[in-house]
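Engineer: My structure is below; once you've seen it, I'll send some questions.
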Amino acid sequence: EKGNKEQWREKVRAEQAAFIKSELKLSDAEAQKFWPVYEEVQARRREAFKESFDAMKALKEDLDKGGDSGKSLDKYLSTKKKIQDLDNDAVKKYSKVLSKEKLAKLVLTEEHFRHNQIGKFGQGGQRPQSGHRPHGGQHQQ
């Protein structure tokens, strides 16, 4: 099952990269600067989302056991802040390689793609069975 989930994640990342590429219409020079930054940001975001998911699981386990959930809650909230900090950092990094217009377009394109993916799931889309949903994307060359 793990291989199947990874194949699915790679497929979604490739679809996301293709969607971004078609929407942003980057020149060759822009693309050469943009994609390495994008891939770095997405790798960091995936890691942060995994931490957040793990912290949420720990919080649920603490609640289910009737134990003290204070530390778990703090950990979960700190992972959410980390994701926000990464997003703010990403905007700064992207602004060095994209115009403001293309940066705004990137933000909207990522949201559009995410909403499309959620819509696919709601229509019985091709998602492997698991409690974890991947976040972010990666450009495939």
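The values are calculated or read from the model by the stated rules, or taken from the named source; none is laboratory data. Since the model is a prediction, treat every value here as computed from it, not as a measurement. Backbone-built Cβ (ideal geometry, glycine too); neighbour counts: all protein chains shown. Note: areas computed on protein heavy atoms with side chains; ligands, DNA, RNA excluded. Shrake-Rupley method; radii C 1.70, N 1.55, O 1.52, S 1.80 Å.
Engineer: In whole percent, and with a 1.4 Å probe on the protein chains, what portion of the accessible area of the range 1-74 is carbon and sulfur?
Structural biologist: 52
Engineer: Which whole-Hz couplings ³J(HN,Hα) result when phi for each residue of the range 62-78 is put into the Karplus expression 6.51 cos²θ - 1.76 cosθ + 1.60, θ = phi - 60°, listed in order with x for Gly and Pro?
Structural biologist: Running phi through 6.51 cos²θ - 1.76 cosθ + 1.60 with θ = phi - 60° gives 4, 5, 4, 7, x, x, 6, 9, x, 5, 5, 5, 4, 5, 4, 5, 5 Hz.
Engineer: Return the FRET efficiency for the residue pair residue 62, residue 108: r is the Cβ-Cβ distance, R0 is 35 Å, and the value is rounded to the nearest 0.05.
Structural biologist: Efficiency for this residue pair is about 0.40.
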